[in-house]
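Written below as structure tokens is the structure these notes are about.
The values are calculated or read from the model by the stated rules, or taken from the named source; none is laboratory data. Note that the structure is predicted; figures quoted are calculated from it, not measured. Cβ atoms come from the backbone with ideal geometry, glycine included; neighbour counts cover every protein chain shown.
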Number of protein chains: 2
Amino acid sequence: MTTDELRESLYRDIPLSRAMQLAVRQADPACTVLAMPLAPNANHMNTVFGGSANTLAILATWSLLHLRLAADGKPCQIVIQHNTMHYLHPMPDAAEAVCRCDDDDAAWARFARTLARRGRARLTLHAEVHSAGRLCARFEGEFVAAHRPAAK
Amino acid sequence: MTTDELRESLYRDIPLSRAMQLAVRQADPACTVLAMPLAPNANHMNTVFGGSANTLAILATWSLLHLRLAADGKPCQIVIQHNTMHYLHPMPDAAEAVCRCDDDDAAWARFARTLARRGRARLTLHAEVHSAGRLCARFEGEFVAAHRPAAK
């Protein structure tokens, strides 16, 4: 999936991503980078609104899991179970969320084994949110993926 | 502040709240209730997108703190430090976030004393998110409030 295809799929399925003017900078199974401009995501102090930053990180982690499962030929329904966000610094400008996960990741290996065995598995992914060249927030999201039942 | 005034202030200061078609059902210093329709906040399964639900809860808790401090004649700058969200069930329709805090609340009393003494204090607030008559998510947010410096 190209960066344009991921953006169009998010714009179509999740209207809020369009309102945020989400951009996709990278859409690999090992790394997703999503960005958004300040204006549609600002707060009353003209920094990035926490809700927008949190949402950007949810979309970055969800997209990475979606892309990795698709690359493995295992399309799944993915549901978020829990998330936490630590806001470290105000974000004075456009923000970017980065989520990484590769095949060497031990948590991914456990997740893939459980999914293959049970058709359902749980994975925690992390994202960092940067603005103006500085790490401004850390996000953790726990997702459950389940194999889609075969079409009847 | 009336429900209309709170909605207009959020629409003006936080453009994302307008994109979510946020509605204010209650805007009291002891209870805020914010709502949003499904369509602009949907995901690919046509239930409420987690990022929208999380953002609704951030706005409900932030608004309650803002209204309580304003009612006490202590306008402050309020910054979110940390939040967690537990998604219990899919939200099949419009969602509503409810945040309550009253003068009997021991955490509020500690917060108000620290704010009066130091001009800065930290408070954890909770919100519940309901959809179709069911509790679907629990939110916790930690905020720091600081007295605004006097105008020069």
One residue from B:35, B:30, B:60 being closer than 19 Å to residue B:140 by Cα, of a type outside the set (Val, Ile, Thr), touching a Cys at 6+ places or on another chain (Cβ under 6 Å) and touching a residue at least 40 places away in the same chain (Cβ under 8 Å): B:60
- prompt: Of all residues in region B:10-35, how many are buried (at least 20 other Cβ atoms within 10 Å of the Cβ), within 14 Å of another protein chain (Cβ to nearest Cβ) and among the polar types (S, T, N, Q)?
  reply: 1
message: Among the listed residues A:110, A:138, A:117, identify the single one that is of a type in the set (D, E, K, R), closer than 17 Å to residue A:57 by Cα and surrounded by fewer than 22 Cβ atoms within 10 Å (Cβ to Cβ).
response: A:138
- request: Please find, among B:137, B:127, B:146, the residue that is modelled with pLDDT of 95 or more, within 14 Å of another protein chain (Cβ to nearest Cβ), out of contact with any helix residue (DSSP H, G or I) (no Cβ under 7 Å at 6 or more places or on another chain) and within 26 Å of residue A:137 (Cα to Cα).
  value: B:146
- request: Check whether at least one residue in region B:78-89 is of a type in the set (A, V, I, L, M, F, W, C), in contact with a Lys or Arg (Cβ under 8 Å, 6 or more places away or on another chain) and closer than 16 Å to residue B:132 by Cα, and report yes or no.
  value: yes
query: Among the residues of region A:90-104 satisfying the criterion of being under 17 Å from the mean Cα position of the chain (by Cα) and at pLDDT below 95, which is nearest to the other protein chains (Cβ to nearest Cβ)?
result: A:101
- request: Check off (1) assigned to a loop (DSSP other than H, G, I, E, B); (2) in contact (Cβ under 8 Å) with a residue 12 or more places away in the chain for residue A:104 and give me the number that stays unchecked.
  value: (2)
task: Go through B:1, B:45 for me and flag whichever is closer than 20 Å to residue A:17 by Cβ, surrounded by fewer than 24 Cβ atoms within 10 Å (Cβ to Cβ) and over 14 Å from the mean Cα position of the chain (by Cα).
output: B:45
- request: Could you list all residues from region B:27-57 that are out of contact with any strand residue (DSSP E or B) (no Cβ under 6 Å at 6 or more places or on another chain) and β-branched (Val, Ile, Thr)?
  value: B:47, B:55
query: Filter region B:70-89 for residues that are in contact with a Leu (Cβ under 8 Å, 6 or more places away or on another chain) and hydrophobic (A, V, I, L, M, F, W, C); which is farthest from the other protein chains (Cβ to nearest Cβ)?
result: B:76
task: Would you check if residue B:21 is out of contact with any Ser or Thr (no Cβ under 8 Å at 6 or more places or on another chain) and in a loop (DSSP other than H, G, I, E, B)?
output: yes
